[in-house]
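**Q** After the structure tokens below, expect a handful of questions from me.
What follows is calculated from the coordinates using simple rules that are stated; it is not laboratory data. All figures in this text were calculated on a predicted structure; none of them were measured in a lab. Heads up, the Cβs are rebuilt from the backbone with ideal geometry, glycines too, and the neighbour counts pull from every protein chain shown.
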Amino acid sequence: MAKLILQRGREGRVLAGHPWIYRGQVAEIVGDWRADEAITVLDSDGQLVGRGFYNPRPSLCCRLLTRQDEPLDRAFFRRRIEAALAYRRQTGLAGPAFRWVWSEADDLAGLVVDRYGPVAVLQCLTLGMSFIRPWLLEAVKELGGVEHTYLRDDPTAARLEGFEPELRWADVPGPAEVQITEDPCRFLVPIERGQKTGFYLDQRENRARVATYARGRRLLDAFAYAGAFAGHALVAGAAAAVCLDSSAEAMALARRTLDLNGVAARADCREVNAFDELRRLERAGERFGLVVLDPPPFTRRKDALEAAARGYKEINLRGLRLLEPGGILATFTCSYHVSQALFEDICQAAAADAGVSVRVLAALTQARDHPVLLTVPETRYLKGLLLERV
Ligand code: SAH
């Protein structure tokens with residue numbers, strides 16, 4: 001087995017518990033590495049740090065999977081996938097749809113598994129994981145009572161890591177669309193054609209929370225995808241909802257979803273650029289009692305943070321202006337590089353420009369089936385604020 005030796009003076013973060021090793025932290029690779037075989041990581045004194053897959057292509061060249069002296073074999077991955085399921089079962093999160101494996105947060109860096117009823121969607125994010133896919137598939141099938149598994153690799157990650165992304169059923173083709181329950185709503189998950197792995201499971205708890213403010217209010221669900229925030233709010237008694245998304249497919253999905261829940265008559269789904277439509281609604285003097293802003297990540301890179309911050313400020317400024325007094329804004333960022341503190345600063349600046357005073361009702365984060373590891377800050381990516389215009 002090949003060995004990766006860390007460079008003295010550059011190993012602090014890894015030794016403190018972070019699983020990522022960048023090329024610049026590596027002193028030496030000893031022996032012949034193989035993409036499908038773990039590499040043993042040693043510190044600069046030659047002590048064992050752990051094991052993980054190595055890939056010289058990306059600058060993030062190794063992610064530790066264990067800190068024990070144990071083989072990374074079929075049984076190892078099965079145990080880890082089982083442990084991830086046990087956590088969700090113990091915490092009552094293993095419902096009809098849930099995130100079963102969340103990469104680093106489940107000590108399975110490079111693997112994401114989402115569960116939608118009888119279907120599992122499996123996503124490999126590293127070259128190593130793509131090589132051991134048959135083991136992963138076997139474990140998922142056996143442990144979770146899964147009938148069909150869809151392979152849905154992230155093309156960006158695959159390009160970085162240098163493998164062909166899979167986008168197909170693992171063996172027996174399953175349903176192109178699955179219906180799931182997110183109490184009290186039902187949602188349609190397009191397994192083959194949807195965004196992400198088909199659905200935004202990470203907002204589950206926030207949708208429920210926002211719905212508690214919905215009764216009698218008019219909702220604006222900007223960046224709505226399948227209209228899941230609107231669905232919950234309308235079922236909870238919202239007077240009306242306007243959903244915005246630039247994707248025609250998303251808006252078609254939202255219409256069908258809202259229909260499935262018997263609330264389509266109170267909803268208006270518009271295929272528009274939310275930036276333009278927010279401005280237009282403001283000019284038209286429209287007002288809402290509840291506004292949800294759940295945009296895609298405006299940046300995935302640290303060096304584009306300033307432009308991203310301007311984007312967040314712009315939509316929050318519009319969102320706040322559209323709120324009637326006493327109205328509620330649920331606003332989110334899923335850009336890892338935007339910290340909770342920075343997001344609060346952005347929203348505060350937006351409130352100042354909008355000339356409104358807001359009360360913080362809650363700080364929001366991702367659903368608990370997307371756990372956060374304190375030692376791996378990158379596992380916390382979704383941040384939000386629940387604000388009330390006072
Ligand atoms: N709120 C959703 C998830 C939204 S994901 C939920 O709870 O399920 C972000 C959405 O923003 C995607 O559906 C994407 O199509 C949409 N989007 C991206 N850029 C946009 C833009 N400029 N205007 C409107 N929608 C946009």
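**Q** Contact order normalised by length for the chain, with contacts defined as Cα pairs under 8 Å and 6 or more residues apart; what percent is it? It would help to have the intermediate numbers written out before the result.
**A** Values: 835 pairs, mean separation 41.6, N = 390.
The normalised contact order for the chain reaches 11 percent.
**Q** For the range 286-303 and the range 146-172, what is the centre-to-centre distance using only Cα atoms, to the nearest Å?
**A** Computed from Cα coordinates, the inter-centre distance equals 28 Å.
**Q** A further question follows. From the square roots a ≥ b ≥ c of the eigenvalues of the alpha-carbon gyration tensor of the range 3-66, which class results: rounded (a/c under 1.5), prolate (a/b over b/c), or oblate? Provide the component values of the computation, followed by the final result.
**A** Details: a/c = 1.40, a/b = 1.33, b/c = 1.05.
It is rounded, given that a/c, with a ≥ b ≥ c, falls under 1.5.
**Q** Show me the ranking of peptides 300-306, 272-278 by mean Cβ neighbours inside 10 Å, starting with the highest.
**A** Most protected by this proxy first, the peptides run 272-278, 300-306.
**Q** So what's the gap between the Cα centers of the range 34-113 and the range 309-338, to the nearest angstrom?
**A** With the range 34-113 and the range 309-338 each reduced to a Cα centre, they are spaced 36 Å.
**Q** Further question: Quick one: go through the range 319-336 and flag any residue whose amide nitrogen is under 20 Å from the point 7 Å out along the Cα-to-Cβ line of Ala239.
**A** Correct set: 319-330.
**Q** For the range 178-389, what is the charge dipole size about the Cα centre, in debye to the nearest 20, if Lys and Arg each add +1 at the Cβ and Asp and Glu each add -1 at the Cβ?
**A** Numbers: 29 positive and 26 negative charges, 56 e Å.
The dipole of the range 178-389 has a size of about 260 debye.
**Q** What angle do you read, to the nearest 10 degrees and between 0 and 90, between the alpha-carbon axis of helix 274-283 and the longest principal axis of the chain?
**A** 20
**Q** A further question on this structure: Of Asp369, Asp202, Asp73, how do they rank once you tally other Cβ atoms within 10 Å and put the fewest first? Working shown, then result.
**A** Numbers: Asp369 26, Asp202 20, Asp73 12.
Ascending Cβ contact count within 10 Å gives the list Asp73, Asp202, Asp369.
**Q** Kindly identify the range 85-174 as rounded, prolate or oblate by the Cα gyration tensor criterion: order the square roots of the eigenvalues as a ≥ b ≥ c, call it rounded if a/c is under 1.5, otherwise compare a/b with b/c, prolate if a/b is larger, else oblate. Mind dumping the intermediate values first?
**A** On the way: a/c = 2.04, a/b = 1.37, b/c = 1.48.
Cα axes put the range 85-174 in the oblate bin.
**Q** Counting other Cβ atoms within 10 Å, which GluC sites (Glu not before Pro) in the range 129-172 have at most 15 and lie in a DSSP loop?
**A** Glu147
**Q** Modelled label-to-label distance, Ala252 and Asp32, 7 Å Cα→beta-carbon offset: nm?
**A** Label-label distance for Ala252 and Asp32, simple model: 5.1 nm.
**Q** Taking the Cα atoms only, what angle lies between the long axis of helix 305-321 and the longest principal axis of the chain, rounded to 10 degrees?
**A** Between helix and principal axis, roughly 30 degrees.
**Q** If each residue of separation counts as 0.36 nm, what is the full-extension length gain between Arg79 and Ser357 once their alpha-carbon separation is subtracted?
**A** Net length gain for the segment: 95.0 nm.
**Q** Between Arg301 and Glu70, what is 0.36 nm times their sequence separation minus the Cα-Cα distance? Round to one decimal in nm.
**A** Numbers: separation 231, 0.36 × 231 = 83.16 nm, distance 3.46 nm.
Going from the current span to full extension adds 79.7 nm.
**Q** Let me ask something else. Can you work out the Karplus-derived ³J(HN,Hα) for every residue in the range 218-229? Use 6.51 cos²θ - 1.76 cosθ + 1.60 with θ = phi - 60°, whole Hz, and x for glycine or proline.
**A** Each residue's phi maps through the Karplus curve to give 9, 10, 10, 10, 8, 6, 8, 6, 7, x, 6, 5 Hz.
**Q** If r is the Cβ-Cβ distance from Phe131 to Leu48 and R0 is 25 Å, what FRET efficiency results, to the nearest 0.05?
**A** Once rounded, the FRET efficiency stands at 0.60.
**Q** So, counting K/R as plus one and D/E as minus one, what does the shell of residues with Cβ under 13 Å around Val178 add up to?
**A** Here the charged neighbours net out to -2.
**Q** Straight-line reach from Lys383: which lysines have Cα under 19 Å away, leaving out those fewer than 8 places along the same chain?
**A** Lys196, Lys302, Lys313
**Q** Multiply the residue separation of Asp268 and Arg10 by 0.36 nm, subtract the distance between their alpha-carbon atoms, and state the gained length in nm to one decimal.
**A** Stretched out fully, the Asp268 to Arg10 stretch lengthens by 87.4 nm.
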